[in-house]
Amino acid sequence: MESLQLRRDELKNVTQTRIQESAASINEEIRYIANRCSTLKGHMTKISKEKLPSRVERPQIYECVDKIAQLEKALAYLKALKFVKESSERIEANLESGLNSEAIDLYHLLVKLQQSYMISTECINFRNYFDSTIQHWGTCLKNTFTRDFEKLLDAFGWPSNIATSTPTLETHEKFHKTIRNMVRISVSITDSKTVIEDKPSLVTDFKEPLLPVHVMVQPLKKRFKYHFFANKITSDPKRPEWYFTQIKIWARELIPFIRTHLEPMVSEAHLSCVADFLSSLSEILILKADSQLTAASGTDQVDDTVFARILEESIIYENEVSTFLGEDLIDKKIYIPPFVSTLFSQPHVLQRWLAIERKACLEKLDEIFSSPTAWDRAVESEPAEVVDLFMAVLRFVTDRFAHLQEQSQKVLFLQLLVDMIDDFRVRCLQTWKSRRQIEADYKDGVLIDYIIADTLHSVQKTIESWEDLPFFATMSFFLDNSEDYISPLAYGDSVHQPIKQRVEEVEDNQLLELPVHARDDPSLFTFDGDLFRSGEPKDEEPGARIGSPSQGVFSHVLKLYECLNEDILRKWCTSVISKLRSDIKIYSRRKWHIFPPDGFEENGETLSEGLLNVVQRLKALSKGILSGMNSEVAQIWLKRLAIQFDEMIMETLVYSNRFTPVGINSALRIWEMPLGRAILLYDALTDPSTSFEFQEDTLAELELSLRPSDIIKLLKSRTDINF
């Protein structure tokens with residue numbers, strides 16, 4: 001223990017000694033540095049006080065300084081040239097020796113120098129030399145790896161996936177190594193922008209794919225052009241489904257190979273060879289479809305049927321691509337330009353799509369309304385068949401134009417929806433008027449009035465619920481925050497033409513059918529600068545248009561539905577009341593007062609027998625309403641009928657039989673009087689001991705102007721009092 005204690009003391013002393021020595025050494029260095037700083041500060045102060053000679057006094061000094069600066073620039077220029085030359089020689093040597101990775105590293109270094117320094121340099125010749133050198137080696141590397149990759153693809157049987165022999169393990173390793181090198185060089189080529197390919201303006205949104213994918217797509221492009229662009233049987237313009245099917249077959253059969261061999265090499269960099277491959281196939285498909293859609297005239301121009309087929313195939317293709325990629329679009333942040341929007345957003349193509357869509361919708365409405373079962377109800381609680389068919393048409397159109405990306409283009413189709421909804425209302429009105437004239441029941445006592453009103457109510461409620469959906473809420477927000485009611489894109493380059501001239505051109509070409517209120521009143525659109533803005537109409541004109549964003553995009557046409565519903569209900573009530581009025585008048589003439597005078601003998605006819613016909617009619621009407629309508633609409637109709645029936649009873653039976661409003665009000669108060677007060681009033685009027693003055697005061701207090709005998713009869717007619 002003592003030895004350990006001595007050892008610890010010894011170590012402690014040694015540590016303290018070393019700490020003191022280190023502190024002394026540090027202090028000495030600090031003093032040395034402080035002295036040097038003081039000396040330098042003195043020199044700087046002395047130099048700052050000295051005055052350099054001017055260029056006039058000592059021109060030789062400035063000439064030497066300028067020459068030194070020029071020589072330094074020349075030296076830097078020569079060093080840069082030497083570096084580029086040596087790098088080029090090393091890249092060439094590495095490629096000849098098979099050191100591809102080292103050659104790519106040197107190429108990456110040149111690209112970084114170009115991006116860092118060459119952009120801002122004023123040496124135009126040197127910058128051009130640098131750019132041409134990078135472009136040269138980028139092309140060399142690309143061609144070298146492309147040749148090797150094509151040979152390896154032949155070994156794997158691409159693109160038929162039928163290999164002549166099984167690739168060896170060495171072939172697999174070389175294949176994967178070549179893919180890595182090509183991915184590296186393709187990224188560098190894209191960053192340096194040395195490879196520029198001219199693309200049609202339609203596919204400018206499609207980015208250049210990775211180099212391996214670019215090489216793999218080339219044989220497919222050649223096959224596609226041979227079969228579908230040349231004068232072959234397969235290039236029949238009336239069969240667009242052929243080339244769409246071919247692209248989908250290639251995607252389905254070849255993408256598994258890409259997922260297996262290429263995708264693992266690029267997944268860590270958040271790239272996707274599958275997405276690039278699909279994007280390249282989509283680019284081929286767009287060029288082919290566009291060549292048909294944009295045919296100017298003559299036999300090459302496709303008819304509406306072929307146009308519709310291309311549209312259908314395009315929508316199906318875009319949906320299948322989105323489903324195929326699935327979560328990769330989100331996880332890897334992959335972007336593929338939308339197929340339908342890219343192909344059909346061109347002004348002339350969009351206008352033709354709109355015209356064809358309108359024509360197809362009208363034909364579908366004709367088919368729906370001509371169906372013999374259009375107004376049948378499969379289930380009593382459900383609306384007529386025509387409602388489901390019409391809503392299916394609206395959903396179908398909405399799903400189609402939802403593929404467009406520009407909100408201003410969607411507004412045109414939104415106007416088409418509004419027009420179709422209004423056209424449905426007009427057709428319902430025509431059906432109601434034509435069938436109402438014959439005054440025949442539709443089925444089992446159900447009038448066509450009930451079916452039409454229930455149909456309009458169901459469509460109205462469904463469309464009102466649509467306005468809260470995100471899609472239509474977004475459209476409403478766009479309309480509320482945009483001054484361009486009609487998109488300039490919808491008219492192409494003719495945006496600066498007067499509105500009348502453009503409308504006439506459109507109508508002459510049968511491309512775009514504007515809304516009725518816009519076509520008939522061009523003053524709705526006021527010119528402000530370079531934009532057309534919707535003006536406020538001075539007089540409200542009939543016809544459907546997009547509603548105000550604050551109330552909903554369908555608010556205007558839904559108001560027309562409400563007006564038609566009210567008109568049907570009003571005319572139906574008028575017709576029913578006019579039929580019931582004759583029976584009530586007959587009853588009123590037979591029994592012209594309710595309270596017969598004393599000594600009057602009843603003729604044996606009771607109230608129920610006298611009004612039996614009226615009651616039977618009301619029962620049949622109630623049954624027909626409940627059978628032919630939704631319960632909510634039926635309650636509205638029955639309530640309106642009850643109100644008008646009460647008014648008719650009051651006018652026909654009560655007022656015509658010399659009953660005054662004062663007497664009617666008194667009778668109502670007597671019948672509605674609380675039980676206790678009614679008994680007290682009866683006792684006061686029937687008790688022989690009460691004086692006439694007391695009875696008069698009691699009636700005056702209750703504000704009853706009837707005779708006591710009539711009041712007693714009214715009290716006796718109450719069913720809650722037993723006398």
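If the requirement is being farther than 30 Å from PHE175 by Cα, part of a helix (DSSP H, G or I) and modelled with pLDDT under 80, which of these qualifies: SER54, SER38? If you could, list the steps in order and put the result at the bottom.
Working: SER54 fails: part of a helix (DSSP H, G or I).
Unique residue meeting the criteria: SER38.
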For this session: Taking the options ASP480, ASP454, ASP444, name whichever one is under 26 Å from LYS623 (Cβ atoms) and modelled with pLDDT under 85.
Result: ASP444
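Can you pull out the residues in region 381-412 that are assigned to a helix (DSSP H, G or I), under 23 Å from ARG427 (Cα atoms) and among the hydrophobic types (A, V, I, L, M, F, W, C)? If you could, list the steps in order and put the result at the bottom.
First, the residues of region 381-412 that are assigned to a helix (DSSP H, G or I): 385-401, 407-412.
This time we only want the ones that are under 23 Å from ARG427 (Cα atoms), so: 385-398, 412.
VAL386, VAL387, LEU389, PHE390, MET391, ALA392, VAL393, LEU394, PHE396, VAL397, LEU412 - these are the residues of region 381-412 that are assigned to a helix (DSSP H, G or I), under 23 Å from ARG427 (Cα atoms) and among the hydrophobic types (A, V, I, L, M, F, W, C).
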Seminar exercise, completed: Across (1) in contact (Cβ under 8 Å) with a residue 60 or more places away in the chain; (2) touching a helix residue (DSSP H, G or I) at 6+ places or on another chain (Cβ under 7 Å), LEU254 clears everything bar (2)
Exercise. Any residue at all in region 183-204 that is of a type in the set (Asp, Glu), exposed (fewer than 13 other Cβ atoms within 10 Å of the Cβ) and at pLDDT 85 or above?
Worked result: no
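Taking region 84-112, which residues are closer than 26 Å to LYS73 by Cα and in contact (Cβ under 8 Å) with a residue 12 or more places away in the chain?
Start the filter on region 84-112 by keeping residues that are closer than 26 Å to LYS73 by Cα, which leaves 84-90, 106-112.
Scanning region 84-112 gives VAL84, SER87, SER88, ARG90, LEU106, TYR107, HIS108, LEU109, LEU110, VAL111.
Please determine, by comparing only the residues of region 604-621 that are modelled with pLDDT under 55 and in a helix (DSSP H, G or I), which one is surrounded by the fewest Cβ atoms within 10 Å (Cβ to Cβ). Write out each step before concluding.
From region 604-621, those modelled with pLDDT under 55 are 604-608; that's our starting set.
Now restrict to residues that are in a helix (DSSP H, G or I): 607-608.
Details: LEU607: 10, SER608: 8.
Residue satisfying both the conditions and the ranking: SER608.
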Seminar exercise, completed: When (1) surrounded by 14 or more Cβ atoms within 10 Å (Cβ to Cβ); (2) on the phi > 0 side of the Ramachandran plot are applied to GLU703, the one that fails is (1)
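Residues of region 413-440 being among the aliphatic types (A, V, I, L, M) and not in a loop (DSSP other than H, G, I, E, B), which ones?
The initial filter retains those residues of region 413-440 that are among the aliphatic types (A, V, I, L, M), namely 414, 416-418, 420-421, 426, 429, 438, 440.
Result: LEU414, LEU416, LEU417, VAL418, MET420, ILE421, VAL426, LEU429.
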For this session: Identify the residue in region 535-554 that is crowded, with 17+ Cβ neighbours inside 10 Å and out of contact with any His (no Cβ under 9 Å at 6 or more places or on another chain) and, among all such residues, is modelled with the highest pLDDT.
Result: PHE554
Exercise. Is it the case that some residue within region 679-690 is loosely packed, with under 13 Cβ neighbours inside 10 Å, part of a helix (DSSP H, G or I) and modelled with pLDDT under 85?
Worked result: no
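In the set GLU241, GLU312, which member is under 26 Å from the mean Cα position of the chain (by Cα) and over 24 Å from HIS172 (Cα atoms)?
Numbers: GLU241 fails: under 26 Å from the mean Cα position of the chain (by Cα).
Criteria check complete, one pass: GLU312.
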Exercise. Which condition number in (1) under 16 Å from ILE315 (Cβ atoms); (2) buried (at least 17 other Cβ atoms within 10 Å of the Cβ) is the one that ASP399 fails?
Worked result: (2)
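The values are calculated or read from the model by the stated rules, or taken from the named source; none is laboratory data. These numbers were taken from a predicted model, which means no experiment stands behind them. FYI the Cβ positions are ideal-geometry reconstructions off the backbone, even for glycines, and counts take in every protein chain you see.
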